1. Residue by residue through region C:345-401, note down the ones that are closer than 19 Å to B:T212 by Cβ and among the charged types (D, E, K, R).
2. Out of all the residues in region C:309-336, which are in contact (Cβ under 8 Å) with a residue 40 or more places away in the chain, closer than 21 Å to C:K402 by Cα and more than 8 Å from every other protein chain (Cβ to nearest Cβ)?
3. Among what's in region A:145-166 and is surrounded by 16 or more Cβ atoms within 10 Å (Cβ to Cβ) and part of a helix (DSSP H, G or I), pick the residue that is farthest from the chain's Cα centre (by Cα).
4. Please go through (1) in contact with a Gly (Cβ under 8 Å, 6 or more places away or on another chain); (2) modelled with pLDDT under 90 for C:F85 and return the number of the only condition it doesn't satisfy.
5. Which residue out of A:L61, A:L26, A:L99, A:L47 is crowded, with 16+ Cβ neighbours inside 10 Å and within 30 Å of A:I217 (Cα to Cα)?
6. Looking only at region A:189-236, which residues are more than 8 Å from every other protein chain (Cβ to nearest Cβ) and polar (S, T, N, Q)?
7. For region B:82-107, how many residues are farther than 14 Å from B:P157 by Cβ, outside any helix (DSSP H, G or I) and out of contact with any Asp or Glu (no Cβ under 9 Å at 6 or more places or on another chain)?
Amino acid sequence: MTVQSSSLRRFFRGSQVGLFVVIGLLILLFVIGVSVSDRFATSRNILNVYEQSTGLALVSLGQTLAILTGGIDLSVGSIISLSSMLTSGLINGNPSMVLPVIAGVLLIGIVIGAINGGIITVTGVHPLIVTLGTGAILQGITLLYGLGPTGKVPRGFDYFAYGRLPAGFSVGATFALVVFLLAAFLLRNTRTGRHIYAVGDDPHAATLMGLPTRRVIMLVYILSGFFASLTAIYLVSRFGVGQPYTGANYTLSSITPVVVGGTMLAGGRGGVLGTLLGVYLVSLLNNLLNFLDVSTHFQLVAQGLVIIAAVSLYVEKRRIA
Amino acid sequence: MTMAKANQAAPVPRASLTARAPDFVRSYGIFIFLIAAIVVTFAISPAFLSGANVSNMLMQLAPLGIVVIGQTFVVLVRGLDLSVASVMATAAVIATSFGGQNSDAALIFLACIGMGAATGLANGLLVTKRNVSPFLATLAMMIVLQGLRFAATQGAPSGNIPSLFRQLGSATLSGMPYNLLVMIVVAILFGILLHRSAFGRRVYITGGNPVTARLVGIAADRVTILCYVICGSLAALAGLILSGFVGVVDNFVGRGFELDSIVAAVMGGVALSGGRGSIAGALAGATILVVLSNAVVMVGMPVQLQIIVKGLVIIIAASLYVRPARA
Amino acid sequence: MLSLKGIHKSFPGVNALTDMNLDVRSGEIHALVGENGAGKSTLTRIIAGVHQPDSGELSFDGRAVRWSSPGEAKKAGIHVIYQEFVLFPHLSVAENIYIGHERRNRLGFVDHRRTRRDAAELLARFGLDMDPAALVQDLSVADQQMVEIAKALVHDVKLLILDEPTAVISGPEVDVLFRRLRSLRDAGVAIVYISHRLEEIFALCDRVTVLKDGKYVATREIGAVNRDDLISLMVGRSLSDLFPPRRKRSDEGEVVLDVRGINVPGRVHDASITLRAGEITGLAGMVGAGRSELAFAIFGALKTSAGQVLLRGRDISNVTPARAIREGIGLVTEDRKGQGLAMQLDIAANVTASTISEVSRFGLIDRRREEEIARGEIANFRIACRGPATSVSLMSGGNQQKVIVARWARTSTEVLILDEPTRGVDVGAKAEIYRIIQELADRGIAVLMISSELPEIVGMSDRVVVMREGHIVGELSSAEISEEAVIGLATHQSAA
């Protein structure tokens, strides 16, 4: 076998293949968009798609890490809801409270993540069940804190969501982009990053190799909690107030870009760049469907079909017998 | 041999007690917990066991119980079904799409079950033939169904449910809700199917060890697909009954049932790793969810605590079922 | 370097090790031998910190130690190459080699270029032509094994344990491995070498420790023993007690199963074998020689790409297992828990698992009938249990095995294939299983018995077929059967 063919095969079987599926779909959508409306390919519209990807991008980043280890975090929606309520509720229009509250809310995300990771590593209960449980608890706590939109934020708080950098790039989306690139770099170039892949690939082998399996699992849930809280701050910036169900849809929708981007639910394969492209794909898809003047309801159908199409492409051969 | 004898002779029942406790908890803990919850709540608030309240709880139990029975089949074959709530809502929308006449009841019933079975078939095919993880396959079907439903109703479903279903969902026969009778019939039929029939045996073998199943000549894929079909069909039936209970139809009838049904099954001892659990246990899990939700209100705690208690109970229950790490 | 005294370890239902002793010096290659189930793997895992001993002393490098995790043992300088690979299939070869000891640059980041360069060097030293950037899942099994071995050399290893490292590699690779191991020994590393291949032990090792049934038997200088000594230490009992008396076979039974030139891609090449009524055919060969795959192919659990399987002249190639069962073929797999039993169910359900429709009426299981059948088999096979409703997960390995054999004995009217039927089974149960196999053959069933235990092959078979590297390389008639003959065929290096 020649080196060329083996590297070609590697190319198609490695994590990169996810990126190319998504890039292909992105190009396809773009071509459709251009042919549907001449307003589609305007910089104004594209910058709009970019801006609208922010929230999903932030929460999906943490979700990707959890899924890379073979787990899942179903508590992100509730973390977002709770954090958004606390953000606007505690700031309550007082500019001097902005920074301490942001710090505090992010810390809460970290603590919740640590609790998730702790329960998972100590009890051995499947992450799906653990985070489902903590998600319910957090939703209850959110509702105890307030049953409707609570508090307010000072003027200028919307900079994160609506601010524009030179050339019209959204502040929040650019922040998310930078964080993704940083995460991609760290995942590839740090020991912990490589251990995340190893734990997801084969947790038993990881333990036998003496890798700090528990610490890795703790870390990914902590990061998932942190990014969920960050998403909440973005949403408060966007809507001006925290709401008790504002995160509810993010629990499941945060998984879509991850799997569409080629990260396997079984763990160990994929990466954050695929997720980022998956986020842009979802954002572009919704935008395109608006242009197509399809009832917004079909956006859901389209999203479901995209999931099915994408995961069917990544499917592995079945084992013997 | 001699060692075993020495152990028997030694008057140290403690060791054997602690060794057996987990098994005991696994088998009967759920029922003990259920009884304890009822007793404690009754002690605090005697109105908890008033006829009206019991009837109310049972009426809430029925649709959840029916979904849990279906979910049990799927979890037994190492799957899970996130699309049940979407199927329920779709069934409710179908129920109002006809004229609301009782004469259409049979047609509605068949349409709903057909829709549920078709969804289950799609789930099962994705899981077995395409090897998609059950989580994603059923998640995608949930979203697709939701979109189709929204598109069909333009987001605002309207129309009437035949009075027959409304009666079935909300009326009682001298305190005994009709819908509970439906659940009991379903539980008995599917209990026999699972625990007494050849198909049920194949379900347990397939879930317990898919490789063994194939090697003893069981068509494991077919068994798995059928489990998803059963789950989808029962979810449709539950949706029909729930729409009759709610009376008005919206696009989210059954919201939360996907997670509640999984939680109930897991609490009742149905293992997510497959091949372990019973319908009786799963129904006890469902009963606990209903009792706890009701108890929170009856003892005068804020209603938001319902969901907190639910979260705590699932984590605690699940950690009790975790099998000790093996050699 | 390493010393174990009086180590005990039991798992629920089994005493894995009793009063185990081992003493390994630095600068020696110490062989560990024993039959399957003798406790070699458990011992390895205790030394490596995967299991903790129930009692006894473990000392390493002059200090008494008690590992609480594999990581600790690793840090102290113990590296184990397990029989099953500890590799990450979706990481590259280079990354697998350095996982846990990543090559880093001055900033503390993983240095991928250096990782690949160092890995390439290491592999070259091994004489391996392997792309360090290749994913492990794309490598052949032999190459994966070499990666496992290369991994060990990265670390500052004081004690290296290899569990059957040559099971999946062949000639030239074995030579390279031996050269590396000798130079490691000369550098002062202590090496524990576990193998079934006695000739390797004589070629490579300095001392040998023999285990049997979880107990320490003896330690000898390799120069002070010969092959026969070792075998008698390992087996340690008179074989005639274990195996049922051989019958005089007056005539050859008729051909029941005729396998003609079947091929399983990458596993079995052009294999032909005939099974006769009333005859026990032994199928010998090294682990990975393709014996189990041949069995799976006959049973319809693996697809064949060429050849025919004829049952009494009818073509049953590529049938499903369900059909094979209906045709009267049974397969007792080697992996009891993974492929044989439904662990959550009871004896009755496991016995009738392949005949569910037979014990059901109108789709409902006739539990009384099922229990009746199970009670019959419990008596017939002398299965130790409380009754048909005993959960198989509570039973010993030997009794579990009897349940599986009982299941297949009921449906196998023509052919019964047994893959390692006595693996991990204690001596008493072994003798009973042998008796059962003989009885089934006496009933006229054609039996194919796959085994890696030579005494078993020699003691039971009317005829022996030997496989090597996916090919059938020879057949021994009743008169020709001996351990030497079987070993000769099974290990003969291919002339390539």
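The values are calculated or read from the model by the stated rules, or taken from the named source; none is laboratory data. What you see is a predicted model, and the numbers here were worked out from it, not measured in a lab. Note that each Cβ is placed from the backbone with ideal geometry, even for glycine, and that neighbours are counted across all protein chains shown.
1. C:D346, C:E358, C:E370, C:E377
2. Result: C:G328, C:I329, C:G330, C:V332, C:E334, C:R336.
3. Residue satisfying both the conditions and the ranking: A:Y145.
4. Evaluating C:F85 over (1) in contact with a Gly (Cβ under 8 Å, 6 or more places away or on another chain); (2) modelled with pLDDT under 90 leaves (1) as the failure.
5. Only one candidate qualifies: A:L61.
6. Hits for region A:189-236 are A:T192, A:T213, A:S224, A:S229, A:T231.
7. Summing the residues that are farther than 14 Å from B:P157 by Cβ, outside any helix (DSSP H, G or I) and out of contact with any Asp or Glu (no Cβ under 9 Å at 6 or more places or on another chain) in region B:82-107 gives 2.
Residues are listed down the side, and each one gets a yes or a no for (1) of a type outside the set (D, E, K, R); (2) surrounded by fewer than 19 Cβ atoms within 10 Å (Cβ to Cβ):
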| residue | (1), (2) |
| --- | --- |
| C:V359 | yes, no |
| C:I365 | yes, no |
| C:A374 | yes, no |
| C:I378 | yes, no |
| C:R382 | no, yes |
| C:A389 | yes, yes |
| C:M395 | yes, no |
| C:Q400 | yes, no |
| C:A406 | yes, no |
